[in-house]
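Participant: Structure incoming, see below.
The values are calculated or read from the model by the stated rules, or taken from the named source; none is laboratory data. It should be emphasised that the depicted structure is a prediction, and the values quoted were computed from it without experimental measurement. In this analysis, Cβ positions are derived from the backbone assuming ideal geometry, glycine residues included, and neighbour counts consider all displayed protein chains. Remember, those area values only see protein heavy atoms, side chains included, never the ligands or the DNA or RNA. Shrake-Rupley method; radii C 1.70, N 1.55, O 1.52, S 1.80 Å.
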Amino acid sequence: QVQLVESGGGLVQAGGSLRLSCAASGRTFSNYAMGWFRQAPGKDRELVAAINWSGAGTYYADSLKGRFTISRDNTKNTLYLQMNSLKPEDTAVYYCTAGTSYRDYVGLGKCDYWGQGTQVTVSS
């Protein structure tokens with residue numbers, strides 16, 4: 001089992017920035033691909049970004065390229081999502097996730113473990 005705990009969400013004005021963090025425990029962090037999903041009210045859950053075990057491979061939803069950056073620190077068992085130029089439509093609950101296959105993240109949007117989520121609200 002992998003336990004994931006997100007932090008860093010909150011309320012920010014449009015154009016502002018937030019950095020989400022996710023602390024992982026339970027299994028060897030570097031064995032897992034990691035990712036962030038989000039779900040806005042009334043909308044389907046979507047994959048925001050994913051990163052492979054080493055950090056050398058990253059994936060972003062097309063609509064977010066250039067504004068969001070995913071990274072990881074395997075020495076701290078921590079995943080990050082830097083979000084810049086935030087828009088009201090970025091308002092959602094953001095979930096930290098872990099999976100055994102980076103290919104499944106990118107190809108299928110599939111992962112194995114989920115955090116509880118952290119709310120991000122962007123005001124106009």
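Participant: In the stretch 59-68, what residues are loosely packed, with under 13 Cβ neighbours inside 10 Å and basic (Lys, Arg)?
Facilitator: Lys65 - this is the single residue of the stretch 59-68 that is loosely packed, with under 13 Cβ neighbours inside 10 Å and basic (Lys, Arg).
Participant: Give the stretch 110-124 a look and list any residue that's open to solvent by 30 Å² or more (accessible area, probe 1.4 Å), in contact with a strand residue (DSSP E or B) (Cβ under 7 Å, 6 or more places away or on another chain) and farther than 16 Å from Ser25 by Cα, or say none.
Facilitator: Passing the criteria: Lys110, Gln119, Thr121, Ser123.
Participant: While we're here: Quick check, is Ser71 open to solvent by less than 60 Å² (accessible area, probe 1.4 Å), of a type outside the set (A, V, I, L, M, F, W, C) and closer than 13 Å to Gly115 by Cα?
Facilitator: Against the criterion (open to solvent by less than 60 Å² (accessible area, probe 1.4 Å), of a type outside the set (A, V, I, L, M, F, W, C) and closer than 13 Å to Gly115 by Cα), Ser71 does not qualify.
Participant: Within the set of pairs 6+ apart or on separate chains, which have a first residue in the stretch 11-30 that is at positive phi and in contact (Cβ under 8 Å) with a residue 24 or more places away in the chain, a second that is in a strand (DSSP E or B) and open to solvent by 20 Å² or more (accessible area, probe 1.4 Å), and C-beta atoms under 6 Å apart?
Facilitator: Note: pairs meeting the criteria are Gly26/Gln3.
Participant: Quick check, is Arg38 free of Cβ contacts under 8 Å to residues at least 60 places away in the same chain, surrounded by 21 or more Cβ atoms within 10 Å (Cβ to Cβ) and either of a type in the set (D, E, K, R) or over 15 Å from Thr121 (Cα atoms) (or both)?
Facilitator: So Arg38 fails the test.
Participant: Kindly indicate whether Ser21 is open to solvent by less than 70 Å² (accessible area, probe 1.4 Å) and at pLDDT 95 or above.
Facilitator: yes
Conditions (1) modelled with pLDDT under 95; (2) among the small types (Gly, Ala, Ser), marked per residue:
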position	(1), (2)
Leu4	no, no
Ala14	no, yes
Thr28	yes, no
Gln39	no, no
Lys76	no, no
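Participant: Going through the stretch 78-109 one residue at a time, which ones are at pLDDT below 95, open to solvent by less than 40 Å² (accessible area, probe 1.4 Å) and more than 14 Å from the chain's Cα centre (by Cα)?
Facilitator: Once the filter is applied, which keeps residues that are at pLDDT below 95, open to solvent by less than 40 Å² (accessible area, probe 1.4 Å) and more than 14 Å from the chain's Cα centre (by Cα), the stretch 78-109 yields only Ser101.
Participant: Among the residues of the stretch 1-18, which ones are open to solvent by 60 Å² or more (accessible area, probe 1.4 Å) and over 16 Å from the mean Cα position of the chain (by Cα)?
Facilitator: Scanning the stretch 1-18 gives Gln1, Leu11, Gln13.
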